[in-house]
Amino acid sequence: MGHREQLMTAAKRCLEERGYARTTSRDIAAAAGAPLGTINYHYGSKDALLNRALLESLWEWGDRAAATSGEDDGTPGERIVAMWARMIDSQLTERALMVASVEAMAQAERSPEIRQQLADALERSRTGLAAQLHGLDGIEPTEETRAVGSVHSALVAGLTQQWLVDPERAPSAREVAIGLRAIARDLEGDA
């Protein structure tokens, strides 16, 4: 493994151990066993490396949470509840990653580069969630595809905040499904 790969692995480990805001270039270089200057050489800056490491980690987490693993035969509702159960379970096992993602969101307010990377990742996740959970796939996302993915993305963000702040009272996958069904019934009444 070369310095580039070692730095990426080290950055992911530092995000988990130290968080986004507390990770320094020296932390990453030391964890990688690489010279400090290799961060700028390979990634341009510590922030660029951390952003890429965070986004890769979040994509890996999202793929695990949204993976249907044999649930393809179930109804869309069953697949959705199963995905929310995996996502909620991961709030406990991936807590450090969730904290790092919240820290990165705060950095986006002052960094156009971070903001753009996170915005692009959110847009990609919208269409990915709609495709995986509802079969809404296509080259050009429709308004419905984007809307369905956006709702799931909003739920992920909101549930993450609730699980980080108050895991004892945060909603279960079953409660999320009950709430969505009630909201859907109310919306149908207005159609």
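The values are calculated or read from the model by the stated rules, or taken from the named source; none is laboratory data. Here the structure is a predicted model, which means the values were calculated and not measured. Note that we place each Cβ from the backbone using ideal geometry, even for glycine, and neighbour counts take in every protein chain shown. Keep in mind that these areas ignore ligands, DNA and RNA; they rest on the heavy atoms of the full protein, side chains included. Shrake-Rupley method; radii C 1.70, N 1.55, O 1.52, S 1.80 Å.
Data table
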{"quantity": "Some residue of the stretch 125-137 being surrounded by fewer than 17 Cβ atoms within 10 Å (Cβ to Cβ), out of contact with any strand residue (DSSP E or B) (no Cβ under 6 Å at 6 or more places or on another chain) and over 21 Å from residue 77 (Cα atoms)", "calculated": "no"}
{"quantity": "Which listed residue is buried (at least 17 other Cβ atoms within 10 Å of the Cβ) and part of a helix (DSSP H, G or I), from 98, 105", "calculated": "98"}
{"quantity": "Check on residue 90, assigned to a helix (DSSP H, G or I), modelled with pLDDT of 85 or more and of a type outside the set (Val, Ile, Thr)", "calculated": "yes"}
{"quantity": "Where a residue in the stretch 107-118 is farther than 10 Å from residue 48 by Cβ and its partner, wherever it lies, is open to solvent by less than 100 Å² (accessible area, probe 1.4 Å) and of a type in the set (Gly, Ala, Ser), with Cβ under 6 Å and at least six apart", "calculated": "115/108; 118/108"}
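Residue by residue, here is whether (1) of a type in the set (Lys, Arg); (2) open to solvent by 70 Å² or more (accessible area, probe 1.4 Å); (3) under 15 Å from residue 90 (Cα atoms) holds:
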residue: 143; (1), (2), (3): no, yes, no
residue: 155; (1), (2), (3): no, no, yes
residue: 161; (1), (2), (3): no, yes, yes
residue: 180; (1), (2), (3): no, no, no
residue: 187; (1), (2), (3): no, yes, no
